[in-house]
Amino acid sequence: FGTDGLDIGVSISFYKNLFDSVFVYGSLGGVILTEPKIEGFEFEKFNLQTSVGGEWAIVDDFSIVVQYMYYSGLLEFPRELNRSRHYVAGGFKWEIVEDVDLGFSVIENLAPFSNSADIVGHLGLGFAL
């Protein structure tokens, strides 16, 4: 987060193949900030994030993806910006060539609307090593 201190984080994730074409994903993570004050902003000392999502492979090389994400409040001060954030995402993943995926999603905030981006587009390229 740009401090001189050492920030400590841990995350655990999982996925499960329910059927040949349906996958469920999830993660839970947290960060502890050792120096939470940066240039007039006071960050929460502990931050939590979690997500759950699903993927449905319509055909072998094309999937529909949905996800819900939760982030705890980031700032202790100013108070107006210290509310947890909730997002939903939807998009697709396409294997354009073997072991190379192109992904696109749109992320929308559910609430609150005063401390998070309203709508976000995400484009990614993944490679299997």
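The values are calculated or read from the model by the stated rules, or taken from the named source; none is laboratory data. What you are looking at is a predicted structure, and each value in this text was computed from that prediction instead of being measured. No Cβ is skipped: glycine too gets one built from the backbone with ideal geometry, and neighbour counts run over all protein chains shown. Heavy atoms of the whole protein, side chains included, go into the accessibility calculation; ligands, DNA and RNA do not. Shrake-Rupley method; radii C 1.70, N 1.55, O 1.52, S 1.80 Å.
Which percent of the accessible area of the chain is formed by carbon and sulfur heavy atoms (probe 1.4 angstrom)?
The computed percentage sits at 64.
Once Rh is set to the Kirkwood radius over Cα pairs, what Stokes-Einstein translational diffusion coefficient, in µm²/s, holds for the range 1-42 at a temperature of 20 °C and a viscosity of 1.002 mPa s?
In µm²/s, the coefficient is 164.
To the nearest µm²/s, what D does Stokes-Einstein give for the range 58-129 at 25 °C and 0.890 mPa s, using the Kirkwood radius over alpha carbon pairs as Rh?
176
Quick one: accessible area per residue over the chain, 1.4 Å probe, rounded to a whole number of Å²?
So the chain comes to 67 Å² accessible per residue, rounded to a whole number.
Mind checking which lysines have their C-alpha under 29 Å from residue 45, skipping anything on the same chain fewer than 8 residues away?
In chain and number order, the partners are 37.
Which of 65, 24, 97 moves the most in a Gaussian network model of the chain with Cα springs under 10 Å?
Answer for the Gaussian network model of the chain: 97.
Treating only the Cβ atoms of Lys and Arg (+1) and Asp and Glu (-1) as charged, compute the dipole magnitude of the range 27-122 about its Cα centre; round to the nearest 20 debye.
580
Arrange the peptides 75-86, 44-55 so that the one whose residues have, on average, the most other Cβ atoms within 10 Å appears first.
44-55, 75-86
Work out Dmax and Rg for the chain from the C-alpha atoms and quote the Rg first, both in angstrom.
17.4, 51
Compute the length gained on full extension between residue 21 and residue 68: take 0.36 nm times their separation in residues and subtract their Cα-Cα distance, giving the result in nm to one decimal.
14.9 nm
In 10 Å bins starting at zero, report the fraction of Cα pairs in the range 15-67 per bin as a rounded %.
Values per bin, smallest distances first: 21, 31, 18, 18, 12, 1.
For the chain, calculate the relative contact order in percent as a whole number, restricting contacts to Cα pairs under 8 Å that are 6 or more residues apart.
The normalised contact order for the chain reaches 16 percent.
Taking the simple approach of a point 7 Å from Cα along Cα-to-Cβ for both residue 32 and residue 11, what is their distance in nm?
Modelled inter-label distance: 1.9 nm.
Between residue 128 and residue 104, what length in nm is gained on full extension when 0.36 nm per residue of separation is reduced by their alpha carbon distance?
6.9 nm
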